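Enquirer: Structure below; questions to follow.
The values are calculated or read from the model by the stated rules, or taken from the named source; none is laboratory data. Just so it is clear, the structure is predicted and the values come from calculations on it, not from any experiment. Quick reminder, even Gly has a Cβ in these numbers, built from the backbone with ideal geometry, and neighbours come from all protein chains shown. These accessible areas exclude ligands, DNA and RNA; they are computed on the full protein's heavy atoms, side chains included. Shrake-Rupley method; radii C 1.70, N 1.55, O 1.52, S 1.80 Å.
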Amino acid sequence: MVLDRKNSSEMKSADNKRAFVKKRSKVTASEVRKHVISGLLPINRLADGENGFDLDISMMGKVVFTEPVPPIDVETSLEQRKTCLLYSISSPKSSKPIFEYVSDDVEVKIIRQDGLSDHNYTTYPNIENIIRDLCGFYCDDFSLVHRKHVHLSTEDIKDRWNLEKLTALRVLRPQIFHSGLRVMDREPSTISLEGPGLHYDLTDPSKFASEQFYVSMLKKSAIDKNTLLYSMLSKNRVKHFMNCINTEEKEWRWEKRGIPRLPEQEETPKLFVKVEKASVDPFFEPLFLSMAIYDIRNKQKVTESVYFNIADDDKLDMLGKYQPNFINSNLQSLFNITGVLSDMFLVIKIEKVLQQTDVFDGSEPYTGTKEEKNVEKLKASAEEYCQRLGAYRTPLGVQIIDIQRIFNANVSASMCGTDRRTDPMVTSSCTMTSGVVITTAGHAHEDRCSITSADRTSITSMGSTLRRFGSGTSAATVFSRVRTPLTKRKFATTSSMSVSKDIPDCLDNMPPSNLKLSTFFRLEGDKTSEEDIYRICNEARKNHGKINKKTFNFELELTVAGSNKSKECQSHGSNLTLNSANLIHEAMEIPMYKSFLNKSYKNLLFVYPKHINLSNRTGNARNIMLKIELMDASETPQEVVFENGSSKSRLLKCAKTTVIYHNRTPHFTDEIKIALPCDLNDGYHLLFTVYHISCKDGDSESAENAIGYTWLPLYCNGKLRSNDFQLPVCGEKPPASYGYLDSRNALPNLKWIDNHKPIFACSIKVISSVHAQDDYLEKFMTGVASLSSNNPKKPPVAESALIFAIDNLLKARPDKLVAFIHFILSRLLFLIANPPYSDELTVKVFECLGNLVKLFSRMLDSDIDAHNRSMLLASFVKYRKQATQESKSHSNIRPVEFKASPTENTLLASMIEHVERSQSSTNVGATNVRLHENLLEVWLRARSTARENSIVHCWFLLEVILKSCTEYLTMTGRMFSSRKIRFGDQFLKNVETLVEIIAQEVINRHANDFDEARVISTSLGYFLRDCFSIMDRTFVMKLIHKYLTAFSESMKKLSHCNELLSIKIDFIRVVCSYEHYLIVNILNDIEQPTEEGAAPPPMSSLTGRKYKR
C-alpha cells in the first residue's frame, strides 16, 4: 500500500497549539481502516469542529494497492539467530532486555480432575462398555494448550488497558462537574510527570472546553451497564468522567475471541436459606422438619428436600435405638432454581413420631387454645411412643413462603431512592394470614429486609399508618389505597418499585431477608397430598396471602438471600460459617428447566410414592407404611438409600414413608434418594412392601405387619426406566426371580389385592450422566461402545446399524444432546481418527459432525461470541483431549493403521514414531494420534451439505485440527525437533489446499452474505496465526501470501471491492495479533551491549547492517 501525498506540501502545523495537543495521536487505527476501505487516507487533523475535532476532507491521500510481496525463508533466518533477547533501543540507559523470546513457547498442560468424581468404576467387573466409556470420559484429565506469551498479543490488549485505566483512576485528580455538565469547574493545577520534557501546565479548562464538547462526548460514547462509569452514575458519585468513557469498544471486540469456561458444575441461580431459630412451646417431643421448592404452575417438586430437626439431648434420648445419624438443629442450604421465579414456593413441613391419634389432633398441644396441659404428662406420653414407634413419622404441619414476593420486596428496598432515616413509611410492615409480612428494614441495616410473622388475627406495624388496612393486606394493596397527596408522595418511589413488572429476575443478587414465622397450618389426615399443598399456595396467591386454615404455634426464623449475598449472613444467628462445606446442604434441582452439560459422574434415582388404595382389602389395614428397597438379581437389598439429612457416607438398605393414622387410602409426600450402582442389569428392581403399623401397646418388633408387595423392574433391555407408574399389589410374597417380570403382568399362583387393579401410584425420576434415557442417543453410544467389545456374546455392531444410528442422532431430545455433547463429539472424532469400516461410515460421521456444530451454533447454545462460536463447543476443543484421547482399540473389525508420509520410508518412520511415543510422558494407549491428518482428508473429500456446514462453521474443525497437531507434537516428542520436519508433506499439502478452498469460498460469498464471509475469513486468520507457534513459519507465511494474492486478483476484477477489502483488513488484523509479531520480523541477531549502560545499535531486519548514529 503506497500513500499518494499529493497535497502534503500544503499542510502547515498550527503554532498556537499546546504541546500536549501536538503530541496526541493524529488518527486512530479504526479511522485509518475505514478510510483505506473507502480509498482515501486522511493526512492530518486540522480544525476544531463544533463537537470536537474534524477532519479536513480536502486533505486526503489516495490509496494505491500493490501486489503482496512473496515471503523470504523466515524459518531458516530465525533458526540461525544466536540470541532470543530483544533490547529496548529507546532508552540509552537501559541494557536489560525487555523481552525474552522462546522459540517453542507452546506446551500442553494436564489439568487433573481428582475432585470432580469420587466414583471408582474400575471395581465393577460386569459393567457395560458404554457405562465404562462414559465413566472413563468423566474421570479423564483436561488437556490445555498453553501459549506462554499469549498475554502480549493484541487480542488481550484491551483488557490490559482497562486494568491500567483503573489503576490510573486511583491516582488522578478528580474532575468536579456541576449542574449536569453545564460548567466544568476545576481549580487551575499543574500536573508533573517524571521524565525530561514531560511537564504540562493545565489552566482553566473553560478556555478550551465547552459544554457542547462534553455533551457530544456523552452522545458518542456507548455507556455499557457493566462499565465503571455506569456504576458510578448509579451511585450518584461521578468523580472521573472523561477517564471512564469507552472508545472503539466494538472494534476491539472483533480481535478477541470468547474464552470458554472450564467444564465444571454449572453456576445456576441459588437461593440461600438459613435457619436462625426454631422453637416451640411446649417443647416435649422431638420434631423433624424438611424444606423444598415447589412449582405451583407445573405442579411438581423442583428441588430435593433438605432436613433438620429440633431436639436436644433429652429429646434424642427419648428415641433410643431409633436416633437419627444426623443432628441439624441449625441448617444452611442452597436451593438450585432455574425455573420462573414467580411460580416458586418454599414449602416447610413438620413431622413427629407416630402416635395413636389423628393427624389433626396431633397438633392440638401446640394450638394454645385450651388450658395449659401438664408438660410432664405430655413428655411421658411422647417418650412412650418414641420407645415403641420411634422409627415411624407422621405429618404435623406445613407452611409456605412465596419466593417471588420476597424477591420483589428486597429489590424494591434496595433500589428505592427514599431516605430511610427520614421516611417512616419505609420501615412499615404488614402481616399476611400465611405468616409472612413484608417489612423494609431501617437505614442502620442498609439493604436488609425483614419479613415478620404473627398469628391469624394479629397485625403488627412499626408505624401507625398501616393499621387501618387490616389483616391479610399485601404491600401492593397498601400502595394502591393511598389517598392523600402527602402520603402519595411518601409512597411514590416505593410503590412504583413494588408493583413494577420490570424487576430483574436475578435471584443470586437478592439482598438478605429475615423471615419470622410464628404459626404453621394444621394438617388433616385426608389432606396431606401434594395437591393440597398446591391448593394452599394458589389460595395464598389469589387472596394476597389470606388462607382459611387453622394453625398452631411454632416459631421459625429464617434468613433468605441470593447465593452472592449469602456471605453477609454468616455472622448472624448460629455460629455456623459458610467456609465449612459440610455445613451447607445444596439441594439439586430435580426437573431440569434448563439443559446443562454433564461434567462428572452422577447417577441418582428419586422415588416418590404418591397414593395407595386399600379400601377393598379385608382385614386390618389402616396405619399404612411403605418400605422401599433396591434389590439385585439375587433379591438382596443394596445399601444405596440416603438417610434423610445425611451425606453419602451413610447409606441404608431401605427407606420408610410416613404413616397416616387410621387411613386406608393415604397420600404420601416422601422423597427417597437412591445412589444407583453403575453395573445395573435386568435383575435390578425396586421392591415396595406395604405394612400395617400397630400403635397399640406391645413390643416394637411386632409393630410391622406386612400386608402387600409390589415391585418395579428398573433396567430393561439396557434402558433405565423413569416415569409415573400405576402398579398392582399382591397379598403374598412374590416367588423367586420375580424381579425380571413386570408386576403389571399377573403372575400365577399369587393372590392380588382388588383383582390385580393398579391401586398403588408412584413416580420415578432419574438424574444421571451415564444413562441418556433417549432411544436415539443410546443406540449411537451403545453402537460405538460395542466396537471395543471382545465378548462373543455381544459382538460389535454392524456397519449398516452404526450408520443408521449416526443418521438418527439429530433426532434425540435437545436437552439430552446438550447434556452429552462433549462425549458425542469425542466419539465422532474417534471414528474419524480410527475408521472401523469403509469410507462411507467416515463420510456419515463427518456429515453428522457438521450438523451438530450447526445446530449448537444457531439453536441449542445461547452463549455465542462475536465470531459465531458456540462456547459449549469451544470448551470441548479447548479443554478436552483430542489426539491424546484414551480409548480401547477395536476388536477384530479393522486394525488401526498409522499412515506414513509418502516421502518417508515406511519402516524407518514407524520405528522413529515408536521411539518417540515410548519416550513421551503421554499414555501410549491413545488412539487418536493421527486425528489431524484423517480429519483434514475427510474434510477435503466432503460434498454437498457436509461441505457447506464445514465451510460455514470451519472455526470448529480448524481449532480441532490445531489442537490435535499440538498434542501430536507433544505426544511424539516432535515439539523439540526442527519445525521443517514436524509434519508430513501430504498433510502440509492438504493444509495448502484447504486455504485455497476457503479463500475462494470467502470471495464467492462476500457479495451475498458479508457477515458469513467475514467470519469464515477470520476463523482462518486465527488458525494461521496460531500455526506460527507450531509449524514452519515460512510455510505459514506462504499460506498467508497465497490467501492475500487470491484477494488481490479478485479485487482487480471488481468495480467495487470495499466489502472484500474490509474482510482482507480484518484477516490481516487477526494474523498480526500474533504475540511474537515483532520478534519474528527482526530476523537477525541483536548483540548484547558490551558496555554497561550502552544500548545495542538498531539493525535492519532484512540486511542486518548496523545503522550509524
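Enquirer: Every residue in segment 632-641 that is surrounded by 17 or more Cβ atoms within 10 Å (Cβ to Cβ) and in a strand (DSSP E or B), please.
Expert: VAL641
Residue-wise test of (1) within 22 Å of GLU555 (Cβ to Cβ); (2) part of a strand (DSSP E or B); (3) of a type in the set (Asp, Glu); (4) at pLDDT 85 or above.
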| site | (1), (2), (3), (4) |
| --- | --- |
| ARG257 | no, no, no, no |
| GLU264 | no, no, yes, no |
| GLU267 | no, no, yes, no |
| PHE272 | yes, yes, no, yes |
| LYS277 | yes, yes, no, yes |
| LEU289 | yes, yes, no, yes |
| TYR294 | no, yes, no, yes |
| ARG297 | no, no, no, yes |
| PHE308 | yes, yes, no, yes |
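Enquirer: Filtering segment 597-626 down to residues that are open to solvent by 40 Å² or more (accessible area, probe 1.4 Å) and under 28 Å from LEU346 (Cα atoms), which residue is modelled with the lowest pLDDT?
Expert: Once the filter is applied, the top-ranked residue is LYS602.
Enquirer: Quick one: is GLU629 charged (D, E, K, R), open to solvent by 20 Å² or more (accessible area, probe 1.4 Å), at pLDDT 90 or above and in a loop (DSSP other than H, G, I, E, B)?
Expert: no
Enquirer: Also, I was wondering about something else. Being open to solvent by less than 50 Å² (accessible area, probe 1.4 Å) and either over 30 Å from SER702 (Cα atoms) or part of a loop (DSSP other than H, G, I, E, B) (or both) is the filter here; which residues of segment 372-405 pass it?
Expert: Result: GLY390, ALA391, TYR392, VAL398, GLN399, ILE400, ILE401, ASP402, ILE403, GLN404, ARG405.
Enquirer: What do you reckon, is LYS656 crowded, with 19+ Cβ neighbours inside 10 Å and touching a residue at least 12 places away in the same chain (Cβ under 8 Å)?
Expert: Working: crowded, with 19+ Cβ neighbours inside 10 Å: yes; touching a residue at least 12 places away in the same chain (Cβ under 8 Å): yes.
Yes.
Enquirer: Quick check, is PHE1035 in contact with a Gly (Cβ under 8 Å, 6 or more places away or on another chain) and of a type outside the set (Ser, Thr, Tyr)?
Expert: Details: in contact with a Gly (Cβ under 8 Å, 6 or more places away or on another chain): no; of a type outside the set (Ser, Thr, Tyr): yes.
In short, no.
Enquirer: Moving on. Go through (1) modelled with pLDDT under 80; (2) surrounded by 16 or more Cβ atoms within 10 Å (Cβ to Cβ); (3) part of a helix (DSSP H, G or I); (4) of a type in the set (A, V, I, L, M, F, W, C) and name the single condition ILE1086 misses.
Expert: It fails just one condition, (3).
Enquirer: Sticking with this one: Contact list please: Cβ distance under 7 Å, first residue in segment 945-969 and over 23 Å from ASP807 (Cβ atoms), second residue of a type in the set (Lys, Arg) and open to solvent by less than 10 Å² (accessible area, probe 1.4 Å), pairs at least six apart or on different chains.
Expert: LEU969/ARG982
Enquirer: Might you check whether a residue that is farther than 30 Å from SER566 by Cα and either in a helix (DSSP H, G or I) or open to solvent by less than 10 Å² (accessible area, probe 1.4 Å) (or both) occurs anywhere in segment 324-333? Full working, then the answer.
Expert: Residues of segment 324-333 that are farther than 30 Å from SER566 by Cα, as a first pass: none.
No.
Enquirer: Among the candidates ASN663, ASN644, which residue alone is open to solvent by 40 Å² or more (accessible area, probe 1.4 Å) and not charged (D, E, K, R)? Before the answer, list the steps.
Expert: Values: ASN663 fails: open to solvent by 40 Å² or more (accessible area, probe 1.4 Å).
Answer to the selection: ASN644.
Enquirer: Which ones in segment 959-977 are surrounded by fewer than 21 Cβ atoms within 10 Å (Cβ to Cβ) and polar (S, T, N, Q)?
Expert: Once the filter is applied, which keeps residues that are surrounded by fewer than 21 Cβ atoms within 10 Å (Cβ to Cβ) and polar (S, T, N, Q), segment 959-977 yields only SER977.
Enquirer: Could you list, in sequence order, all residues of segment 652-700 that are more than 34 Å from the chain's Cα centre (by Cα) and charged (D, E, K, R)?
Expert: Across segment 652-700, the qualifying residues are LYS653, LYS656, ARG664, ASP682, LYS696, ASP697, ASP699.
Enquirer: Return only the number of the condition from (1) open to solvent by 10 Å² or more (accessible area, probe 1.4 Å); (2) modelled with pLDDT of 95 or more; (3) not β-branched (Val, Ile, Thr) that LEU849 does not satisfy.
Expert: The number of the failed condition is (1).
Enquirer: Additional query: All but one of (1) in contact with a Lys or Arg (Cβ under 9 Å, 6 or more places away or on another chain); (2) open to solvent by 60 Å² or more (accessible area, probe 1.4 Å); (3) of a type outside the set (Asp, Glu) hold for PHE521, so report the exception by its number.
Expert: In the conditions (1) in contact with a Lys or Arg (Cβ under 9 Å, 6 or more places away or on another chain); (2) open to solvent by 60 Å² or more (accessible area, probe 1.4 Å); (3) of a type outside the set (Asp, Glu), PHE521 misses (2) alone.
Enquirer: Let me ask something additional. Please find, within segment 101-143, the residue that is modelled with the lowest pLDDT out of those that are open to solvent by less than 40 Å² (accessible area, probe 1.4 Å) and closer than 19 Å to CYS965 by Cβ.
Expert: Of everything passing the filter in segment 101-143, ASP105 is modelled with the lowest pLDDT.
Enquirer: Filter segment 722-738 for residues that are over 18 Å from SER634 (Cα atoms), surrounded by 17 or more Cβ atoms within 10 Å (Cβ to Cβ) and not aromatic (Phe, Trp, Tyr) and give the result. Reasoning before the result, please.
Expert: Of segment 722-738, the ones over 18 Å from SER634 (Cα atoms) are 722-732.
From what is left, the residues that are surrounded by 17 or more Cβ atoms within 10 Å (Cβ to Cβ) are 722, 725, 727-731.
Passing the criteria: SER722, LEU727, PRO728, VAL729, CYS730, GLY731.
Enquirer: Related question: Quick check, is GLU1049 without any contact (Cβ under 8 Å) to a residue 24 or more places away in the chain and charged (D, E, K, R)?
Expert: Values: without any contact (Cβ under 8 Å) to a residue 24 or more places away in the chain: yes; charged (D, E, K, R): yes.
So GLU1049 fits the description; yes.
Enquirer: Follow-up. What residue, of TYR366, TYR322, TYR307, is under 31 Å from the mean Cα position of the chain (by Cα) and in contact (Cβ under 8 Å) with a residue 60 or more places away in the chain? Steps first, answer last, please.
Expert: On the way: TYR366 fails: under 31 Å from the mean Cα position of the chain (by Cα); TYR322 fails: under 31 Å from the mean Cα position of the chain (by Cα).
The conditions single out TYR307.
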